[in-house]
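**Student:** Input: one structure, supplied below.
The values are calculated or read from the model by the stated rules, or taken from the named source; none is laboratory data. Keep in mind the model is a prediction, meaning the values are calculated, not measured. When we count neighbours, we look across all protein chains shown, and the Cβ atoms used for this are built from the backbone with ideal geometry, even at glycine. Only protein heavy atoms, including side chains, enter the accessible area calculation; ligands, DNA and RNA are left aside. Shrake-Rupley method; radii C 1.70, N 1.55, O 1.52, S 1.80 Å.
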Amino acid sequence: MKEKSTKPWGGRFSEATDEFVEQFNASVGFDQRLYRQDILVSRAHARMLARIGVLDDRDCDKLLQALDTISAEIESGTFPWDSALEDLHMNIESRLVELAGDVGKRLHAGRSRNDQVVTDVRLYLRDAIDEIDPQLEKLQLAIITLAEREVDTIMPGFTHLQVAQAITFGHHMLAWFEMIHRDRARLSRCREGVNVSPLGAAALAGSGFPLDQEYVAQQLQFEKSCDNSLDAVSDRDFAIEFCAFAAILFMHLSRIAEELVLWTSAQFNFVELPDRFCTGSSIMPQKKNPDVPELVRGKSARVYANLFALLTLMKSQPLAYNKDNQEDKEPLFDTIDTVNDCVIAFANMLPHLQVNRDQLLAAAQLGHATATDLADYLVRKEVPFRDAHEIVGRVVQYALAKRKRLDELSVQELQNFSPQIEEDVFDILSLQGSVNSKNTYGGTSPQQVAAQIKRAHQRLKEFGVS
């Protein structure tokens, strides 16, 4: 006869779990990182059970002391993790019974691992968000620092990766700032969805005990309790929303990384990264590779994959909890770790970016970046825009044939295309004149960039303040 199950839930089973299934079923190898949250949840639950009379104060104190001991053991690395106990919760409960005796068996009254684990994950993610947001703010400040340093620095602005119009480097940096600012707003909204307590939902139907769910929610600093017990244990929207935030963030970080990779190449030579953020080649001694931006760009793939993993995990599950949801943690944990690492890397690297101003100016002089300014000039001379567009197109064609920049053409040459052109045209054909003229709200003129920087600082101060 096969050995009877010795699991805490084994009363209904007549034989022990298969050895392979034991390992296949275990999650303690990755969910043990939730131990702080699990112990915090157990402490709050113990106090609540004492509050409603399921435990007396003496037994509650005994449980709290045992939980403190378990926390210290885990922190010191002496806790006896056992994969045969499946998960974090059963490992802690088993040790709790060893330390507190039969009192340890009473803690699980009024709760299930179903509401316990989702509470742990919500708390863990809330803590992670509270660590990530200051790093994003640090990244924004690094971007503002660059913008302040390069308010007047002229560079080419691109469309289709072709020179389009002259802009300032500070203006470009503030576009990066806007992307990250939207990401922080998304993260803030995500935190609101995370900060709801599932405790009291038990397995799926609620509890027969008169649980004080509001008290537990307050103990754990949740905004409120979940409104439906069935949804409370089966919902993973909050994890998906975080991974969606992360995917959009990494789309932005990857775009920034791509620009840094291009700009540090010999073909562009717009900026230089500090040596400490780069590596060399094992065979080509001249190489200085932008590994940090490349890695950030590459890690977007795993963040996207984690989002799709969670979406796929949840798409076919009937309510309520299913063992499938054991698979929710590794994609979420990996996303949290990847976001942390990449944001810190960028926040530390960007303030030390060296900007090659002369090269940026030379690049802006290519591609006839002031052509649109010439068209606008003609419009101000009462030439219809479509006619002005055609005239300037022919001027550009002529300049290309003569191998000249637009501002190198004489007034006489320009007047061959339009008699409305006069000496004042050179006020807008120069790169500086072109940039200065873009003085609309949010534009690239140094005056507007300075105003954007001021607003950016103010927005950081006001962020999250209701």
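**Student:** Given the criterion closer than 18 Å to R236 by Cβ and not β-branched (V, I, T), identify the matching residue among D130, D82, D120, D102.
**Tutor:** Of D130, D82, D120, D102, the one residue that is closer than 18 Å to R236 by Cβ and not β-branched (V, I, T) is D120.
**Student:** Quick check on this structure: which one of L414, L360, L374 is over 30 Å from V271 (Cβ atoms), open to solvent by less than 30 Å² (accessible area, probe 1.4 Å) and in a helix (DSSP H, G or I)?
**Tutor:** L414
**Student:** Might you check whether a residue that is buried (at least 18 other Cβ atoms within 10 Å of the Cβ), assigned to a loop (DSSP other than H, G, I, E, B) and of a type in the set (V, I, T) occurs anywhere in the stretch 260-271?
**Tutor:** Yes, the stretch 260-271 contains at least one residue that is buried (at least 18 other Cβ atoms within 10 Å of the Cβ), assigned to a loop (DSSP other than H, G, I, E, B) and of a type in the set (V, I, T).
**Student:** Among the residues of the stretch 165-174, count how many are of a type in the set (A, V, I, L, M) and either surrounded by fewer than 16 Cβ atoms within 10 Å (Cβ to Cβ) or assigned to a helix (DSSP H, G or I) (or both).
**Tutor:** Start the filter on the stretch 165-174 by keeping residues that are of a type in the set (A, V, I, L, M), which leaves 166-167, 173-174.
Restricting the remaining residues to those that are either surrounded by fewer than 16 Cβ atoms within 10 Å (Cβ to Cβ) or assigned to a helix (DSSP H, G or I) (or both) gives 173-174.
Residues flagged as of a type in the set (A, V, I, L, M) and either surrounded by fewer than 16 Cβ atoms within 10 Å (Cβ to Cβ) or assigned to a helix (DSSP H, G or I) (or both) within the stretch 165-174 amount to 2.
**Student:** A further question follows. Could you check the stretch 280-298 and list, in sequence order, the residues that are open to solvent by 60 Å² or more (accessible area, probe 1.4 Å) and either under 21 Å from the mean Cα position of the chain (by Cα) or of a type in the set (S, T, N, Q) (or both)? First the steps, then the outcome.
**Tutor:** Pass one, the stretch 280-298, residues open to solvent by 60 Å² or more (accessible area, probe 1.4 Å): 282-288, 294-295, 297.
Those that are open to solvent by 60 Å² or more (accessible area, probe 1.4 Å) and either under 21 Å from the mean Cα position of the chain (by Cα) or of a type in the set (S, T, N, Q) (or both): S282, Q286, E294, L295, R297.
Condition check ((1) within 25 Å of the chain's Cα centre (by Cα); (2) at pLDDT below 95; (3) within 21 Å of R113 (Cβ to Cβ)) across all residues:
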residue: R149; (1), (2), (3): no, no, no
residue: M155; (1), (2), (3): no, no, no
residue: E178; (1), (2), (3): yes, no, no
residue: G193; (1), (2), (3): yes, no, no
residue: L211; (1), (2), (3): no, no, yes
residue: E223; (1), (2), (3): yes, no, no
residue: D227; (1), (2), (3): no, no, no
residue: D235; (1), (2), (3): yes, no, yes
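**Student:** What pairs come out if I take residues in the stretch 239-255 that are of a type in the set (A, V, I, L, M) and pair them with residues that are outside any helix (DSSP H, G or I) and at pLDDT 95 or above whose C-beta lies under 9 Å away, six or more apart or interchain?
**Tutor:** So the pair list comes out empty.
**Student:** Of the conditions (1) open to solvent by 30 Å² or more (accessible area, probe 1.4 Å); (2) over 24 Å from N195 (Cα atoms), I74 clears all except one; give me its number.
**Tutor:** (1)
**Student:** Return the only residue of L313, L406, L353 being within 30 Å of F277 (Cβ to Cβ), in contact (Cβ under 8 Å) with a residue 24 or more places away in the chain, surrounded by 13 or more Cβ atoms within 10 Å (Cβ to Cβ) and in contact with a helix residue (DSSP H, G or I) (Cβ under 7 Å, 6 or more places away or on another chain). Write out each step before concluding.
**Tutor:** Details: L313 fails: within 30 Å of F277 (Cβ to Cβ); L406 fails: within 30 Å of F277 (Cβ to Cβ).
Result of the check over L313, L406, L353: L353.
**Student:** Check whether at least one residue in the stretch 372-382 is over 31 Å from the mean Cα position of the chain (by Cα) and among the hydroxyl-bearing types (S, T, Y), and report yes or no.
**Tutor:** yes
**Student:** Residues of the stretch 133-164 being outside any strand (DSSP E or B), surrounded by fewer than 19 Cβ atoms within 10 Å (Cβ to Cβ) and hydroxyl-bearing (S, T, Y), which ones?
**Tutor:** T145
**Student:** Pairs please, first residue from the stretch 182-204 and more than 15 Å from R236 (Cβ to Cβ), second anywhere and surrounded by 17 or more Cβ atoms within 10 Å (Cβ to Cβ) and at pLDDT below 95, Cβ atoms under 8 Å, 6+ apart in sequence or on different chains.
**Tutor:** Between residues of the stretch 182-204 that are more than 15 Å from R236 (Cβ to Cβ) and residues that are surrounded by 17 or more Cβ atoms within 10 Å (Cβ to Cβ) and at pLDDT below 95, the close pairs are A203/A320; A203/Y321.
**Student:** Can you name every residue in the stretch 417-449 that is open to solvent by less than 30 Å² (accessible area, probe 1.4 Å) and β-branched (V, I, T)?
**Tutor:** I421, V425, I428, V435, T444, V449
**Student:** So, in the stretch 175-209, of the ones that are part of a helix (DSSP H, G or I) and in contact with a Gly (Cβ under 9 Å, 6 or more places away or on another chain), which residue ends up surrounded by the most Cβ atoms within 10 Å (Cβ to Cβ)?
**Tutor:** The qualifying residue surrounded by the most Cβ atoms within 10 Å (Cβ to Cβ) is R184.
**Student:** If a residue has to be open to solvent by less than 60 Å² (accessible area, probe 1.4 Å) and not in a helix (DSSP H, G or I) to count, how many in the stretch 382-395 make the cut?
**Tutor:** 1
**Student:** If W81 meets every condition in (1) in contact (Cβ under 8 Å) with a residue 24 or more places away in the chain; (2) in a helix (DSSP H, G or I) apart from one, which number is that one?
**Tutor:** Among (1) in contact (Cβ under 8 Å) with a residue 24 or more places away in the chain; (2) in a helix (DSSP H, G or I), W81 violates only (2).
**Student:** Right, something else. Report yes if D68 is over 24 Å from K323 (Cα atoms) and exposed (fewer than 15 other Cβ atoms within 10 Å of the Cβ), otherwise no. Break it down into steps so the answer makes sense when it comes.
**Tutor:** Values: over 24 Å from K323 (Cα atoms): yes; exposed (fewer than 15 other Cβ atoms within 10 Å of the Cβ): yes.
Judged against the criteria, D68 is a match.
**Student:** Of all residues in the stretch 36-65 being over 16 Å from L220 (Cα atoms) and among the hydrophobic types (A, V, I, L, M, F, W, C), which is surrounded by the most Cβ atoms within 10 Å (Cβ to Cβ)?
**Tutor:** L63
**Student:** Check N325 against each of (1) surrounded by fewer than 19 Cβ atoms within 10 Å (Cβ to Cβ); (2) at pLDDT below 95; (3) assigned to a helix (DSSP H, G or I); (4) of a type outside the set (S, T, Y) and name the one condition it does not meet.
**Tutor:** (1)
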